[in-house]
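The values are calculated or read from the model by the stated rules, or taken from the named source; none is laboratory data. Model, not experiment: these values are computed from the prediction. Methodologically, a virtual Cβ is constructed for each residue, glycine included, from the backbone with ideal geometry; neighbour enumeration extends over all protein chains shown.
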Amino acid sequence: MFGKINVLILTTLIIFISASMQVFGFPWNYDMWKQKSIKPYEMPMSYPKGTVTIDGKTNPIEREKMEAITSNQLDSSKLDIKKGKELFMINCAVCHGEKADGNGPIIKKGFYPVNLKTQGVKDRKDGYIFAYIRYGGKVMMPSYRENLSEEQAWQVVNYIRHIQNQSD
């Protein structure tokens, strides 16, 4: 009698472990992690020459040429600034804070983003800020080229310039 109970317990245990292996992908499946993709803080690859980008336009200009643009390509109307604020709150505020002062919630995780109201940022050309949005930072900031169109990125630049000129 004792032998039949042990066999029953052992059989149940084997069935349970086998089912768990199928459900949880034992020894833990990493297929989605180990794939050809851009890992966090890796620089994305350039588009091959002659290809069409996601927005259907030709390849974007090089970062250095973009950084040299002195003024925004869009009119800084109230509507444009309003759209820029919406986009800033969605994409940028988590790091740079709602007031663009570098006090976003990400600070709790040990990251210290740039205060966009400092004189150093104010002195930068509009193209430099635009290039940072489109290509990402040299160290921590990711590229938002896939999240924001060129027009939307310029709207964010307009909003940043607007908030820089406001007094706290």
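Observations on the structure shown:
- Looking only at region 110-130, and only at residues there that are of a type outside the set (Ser, Thr, Tyr), surrounded by fewer than 20 Cβ atoms within 10 Å (Cβ to Cβ) and in contact with a Gly (Cβ under 8 Å, 6 or more places away or on another chain), the one that is farthest from Lys99 (Cα to Cα): Val114
- Matching residues, region 113-138, being under 21 Å from Glu42 (Cβ atoms) and in contact (Cβ under 8 Å) with a residue 12 or more places away in the chain: Pro113, Val114, Ala131, Ile133, Arg134, Tyr135, Gly136
- Just one of the listed residues (Glu86, Glu98) is within 14 Å of Ile160 (Cα to Cα), in a loop (DSSP other than H, G, I, E, B) and without any contact (Cβ under 8 Å) to a residue 60 or more places away in the chain, and it is Glu98.
- Selected residue (only one of Ile133, Ile107 is aliphatic (A, V, I, L, M), surrounded by fewer than 18 Cβ atoms within 10 Å (Cβ to Cβ) and in a helix (DSSP H, G or I)): Ile107
- For region 149-158, the count of residues that are modelled with pLDDT under 90 and in a helix (DSSP H, G or I) is nonzero.
- Only listed residue being surrounded by 18 or more Cβ atoms within 10 Å (Cβ to Cβ) and among the polar types (S, T, N, Q), chosen from Gln155, Gln164: Gln155
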